[in-house]
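The structure under discussion appears below in the form of structure tokens.
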2 protein chains.
Amino acid sequence: MTVAIIGLGLIGGSLGLDLKANGFAERRLGVDSRREHGLQALELDLIDEVVDLETACQEADLLLLAIPVGATIGLLPEILGQITARQTVLDMGSTKAEIIRSVKNHPLRARFVAAHPMAGTEFSGPQAAHRNLFQENAAIICGQEQSAADAVKTAEKLFKSLFMRIIYMDAEEHDVHAAYVSHISHISSFALALTVLEKEKSEANIFNLASGGFRSTVRLAKSSPKMWGDVYKQNKNNLLDVLDLYVEKVQLFRDLIAQDDFEGTYEQMAQANEIGRILEVGGERREARGESREERVESRE
Amino acid sequence: MTVAIIGLGLIGGSLGLDLKANGFAERRLGVDSRREHGLQALELDLIDEVVDLETACQEADLLLLAIPVGATIGLLPEILGQITARQTVLDMGSTKAEIIRSVKNHPLRARFVAAHPMAGTEFSGPQAAHRNLFQENAAIICGQEQSAADAVKTAEKLFKSLFMRIIYMDAEEHDVHAAYVSHISHISSFALALTVLEKEKSEANIFNLASGGFRSTVRLAKSSPKMWGDVYKQNKNNLLDVLDLYVEKVQLFRDLIAQDDFEGTYEQMAQANEIGRILEVGGERREARGESREERVESRE
């Protein structure tokens, strides 16, 4: 089929690579507000043609929105206004409730499937695109009952072609869980980077003393401010809720240490260790992909 | 030379593997308070013989302390009391000032070299040991002027044989920088795990929605509570200092989001992005080791 990828960054570009390689897309149209991204995407063979949004809406069987969630809310109604009931639109955003609300009463609402593939990196732009970014991760489809059955089928076919496991979730529920398990870790990482940058004036010390653990913990602080600002805005209340608890937990460690209550810190850390068991299966999965050493090396200091 | 490794966990065991492979140690003695660790270490060829501390102190040219920093303070004076001026003792702990103070007036103080190889993983025990754990990381040597020149040379020779770059630092200075750049990231990670475990009751949701970014950020929460409790205790004031700033930074994000000040969050995130440039060289180094994809894949959600 003809697939139009709107937004030729990490996600859109990686979709372009995999969907050509696995034969899902016979023809890949690319749309990007930045001309240089379109040209880079062509060079990197992420897409076959750069087109404008109108052309994409006329010629694509499936349109994939891989842009910041704020831009999605702006663009989605416009796209639904230009397509026919034989076409399908799928978004890839990290938030779902507001995006779904934004087209609630649109006559072609049923052609839209709201999705969130749990994959990505801290890098952005066409050069960040790479093969197999999505495989073995979860693809969340939200509010599928509001989408046409054939549109949902197309979405499922897409994610299966990327070797993703599909999970169905209510949009509000998705946003709550995403705040708890995913969005919060970006803020903890940005805050850690700001702390170290303010405290540690010597870049050489940061570089030399940065343990693999620190590198791993601060990695998300390299993420795109634009993309994450949109996520904070759309998932504000869930994020505030989890941020308040996070501050409490850091403060708890702080107070236990201040009071020399090292039995207390021990108990907290032993509880926290539990996360390892829960993520283990995933760990083993990644280990099977040969990531164990890279994932493990350097992180004790 | 004959090397005694005291503490046959991740660090001691990995030293055993590399020091045999690179020919630095002709004979590897192993000491561990837990009998099963000694037996596992023999099975895994981390050491050649299990001996008691007395034998190690009699027969080893070089003694390597790879135990929690609290235990080091207990054991180090005892070891210095049993060795001669022809032997050298080296510790591998994450804190340095208190350890150095603990032997300040010991007649054989000069035989001790205080060191901190910046390498490790979140795993512990003999089974966690692996080759090349140390290579291309920094090895910090503290207060070398208090150690005998030949003892420092031995330490330098050891770290060079592991392909580490050697950095000299005052012990108090080391502890400050280690708190800022390394220790804090363990607390931010433990606190994140506790937050998610309290908020997210569904283990399936944690597993499915855990982005690579979350896995990366929370990875250190699997670390050993015993080892880290000792570090908090010995580096208390530096840690409290950086924890207070960290809480401020998380709170700042919280307040900016609460006030819908998304220009403000954008500015903070753009500042935080700077950490990427500083760590970049290391990133490229790891990339050269083929870790880029594993390090990068999955972390956007």
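The values are calculated or read from the model by the stated rules, or taken from the named source; none is laboratory data. As the structure is a prediction and not an experimental result, all values here were calculated from the model. Cβ: placed from backbone, ideal geometry, glycine included. Neighbour counts: every protein chain shown. The protein model used for the area step is the full one, side chains on, heavy atoms only, and it has no ligands, DNA or RNA in it. Shrake-Rupley method; radii C 1.70, N 1.55, O 1.52, S 1.80 Å.
If I compute solvent accessible area with a 1.4 Å probe over the protein chains, what percent of it on chain B is carbon and sulfur?
Here it works out to 49 percent.
Please enumerate, by chain and number, the lysines with C-alpha under 24 Å from the C-alpha of A:Lys157, excluding those fewer than 8 residues away in the same chain.
Qualifying lysines at Cα under 24 Å: A:Lys20, A:Lys96.
Note the buried accessible area between B and A here, summed over both chains, with a 1.4 Å probe, in Å² to the nearest 100.
11600
What are the distances, in nm and sorted shortest first, from the label point of B:Leu39 to the label points of the same position in each other copy, with each label point placed 7 Å from Cα along the Cα-to-Cβ direction?
Copy-to-copy label distances at B:Leu39, shortest first: 6.9 nm.
Could you work out the mean count of beta carbons from other protein chains within 10 Å of each residue's beta carbon in B:223-234?
That works out to 5 on average.
Could the peptides B:144-156, B:111-123, B:90-102 be put in order, highest first, of the mean number of other beta-carbon atoms found within 10 Å of their residues?
The densest-packed peptide leads the list: B:111-123, B:90-102, B:144-156.
Calculate, for region A:18-164, the solvent-accessible area per residue in square angstrom, rolling a 1.4 angstrom probe over the heavy atoms of the protein chains.
For region A:18-164, the solvent-accessible area averages 40 Å² per residue.
What Kirkwood Rh does region A:48-117 have if only Cα atoms enter the pairwise 1/r average? Answer in Å.
12.1
By Kyte-Doolittle mean hydropathy of at least 0.0 and Cα axial length of at least 27 Å, which whole DSSP H helices of chain A are selected?
A:236-258
Where the label is 7 Å out from Cα toward Cβ, how close does B:Pro77 come to the same position in every other copy, in nm, shortest first?
7.6
Between A:Ala60, A:Gly93, A:Leu42, whose Cα lies farthest towards the positive end of the dipole of region A:28-116 when Lys and Arg beta carbons carry +1 and Asp and Glu beta carbons carry -1, centred on the Cα centre?
The residue sitting most towards the positive pole is A:Gly93.
What is the antiparallel percent of DSSP beta bridges lying wholly in region B:1-155, to the nearest 5?
20
Hey, quick one: spin label on B:Asp260, modelled 7 Å out along Cα-Cβ, who in region A:225-245 has an amide N within reach, i.e. under 15 Å?
A:230, A:232-237
Once each part is reduced to its C-alpha centroid, what is the distance from region A:147-217 to region B:6-51 in angstrom?
First find each Cα centre; the distance between them is then 38 Å.
At 1.4 Å probe radius, can you tell me the per residue accessible area of region B:174-285 in Å²?
31
Just how many % of Cα pairs in the protein assembly as shown lie over 32 Å apart, if you round to the nearest whole percent?
It works out to 49 percent of all Cα pairs.
Distance in nm between label sites at A:Asp52 and B:Arg86, each 7 Å beyond Cα in the beta-carbon direction?
8.7
List the pairs from A:Lys249/B:Lys249; A:Lys104/B:Lys199; B:Lys199/B:Lys236; A:Lys233/B:Lys249; A:Lys201/B:Lys226; A:Lys226/B:Lys199 whose alpha-carbon separation is above 21 Å, in the order I gave them.
A:Lys104/B:Lys199; B:Lys199/B:Lys236; A:Lys201/B:Lys226; A:Lys226/B:Lys199
Shortest first and in nm to one decimal, what separations exist between A:Glu263 and its copies in the other chains, measuring from label points 7 Å along the Cα-to-beta-carbon line?
Nearest first, the other copies' label points are 5.3 nm away.
In whole Å, what three semi-axes, largest first, describe the equivalent ellipsoid of region B:110-225 built from its Cα gyration tensor (square root of 5 times each eigenvalue)?
Square roots of five times the eigenvalues give 36, 16, 11 Å.
What is the magnitude of the charge dipole of region B:174-285 about its Cα centre, with +1 placed on the Cβ of each Lys and Arg, -1 on the Cβ of each Asp and Glu, and no other charges, expressed in debye to the nearest 20?
Dipole size: approximately 680 debye.
Extending each Cα 7 Å along its Cβ direction at A:Leu252 and A:Asn105, get the distance between those two points in nm, one decimal.
That separation, rounded to one decimal, is 4.5 nm.
One quarter of the convex hull surface, Cα atoms only: what value does that give for chain B in nm²?
With the hull built on Cα positions only, its mean projection is 16.9 nm².
Taking every alpha carbon pair in region A:148-279, what does the distance histogram look like in 10 angstrom bins from 0, in percent?
10, 26, 35, 19, 8, 2, 0
How big is the antiparallel share of DSSP beta bridges in the protein assembly as shown, given as a percent to the nearest 5?
Approximately 15 percent, going by the DSSP bridge assignments.
Using helices alone, what [θ] at 222 nm do you get for chain A, with -39,500 (n - 2.57) per DSSP H run of 4 or more residues, divided over all residues and rounded to the nearest 500?
Result for chain A: -16500 deg cm²/dmol, rounded to the nearest 500.
Pull up all non-local amide H partners of A:Ile166: gap of 5 or more, or a different chain, and H-to-H distance under 5 Å with H placed in the peptide plane.
Distant-sequence amide H within range of A:Ile166: A:Ala139.
Given N residues in region A:2-170, what is its alpha carbon radius of gyration divided by 2.2 N^0.38 Å?
0.92
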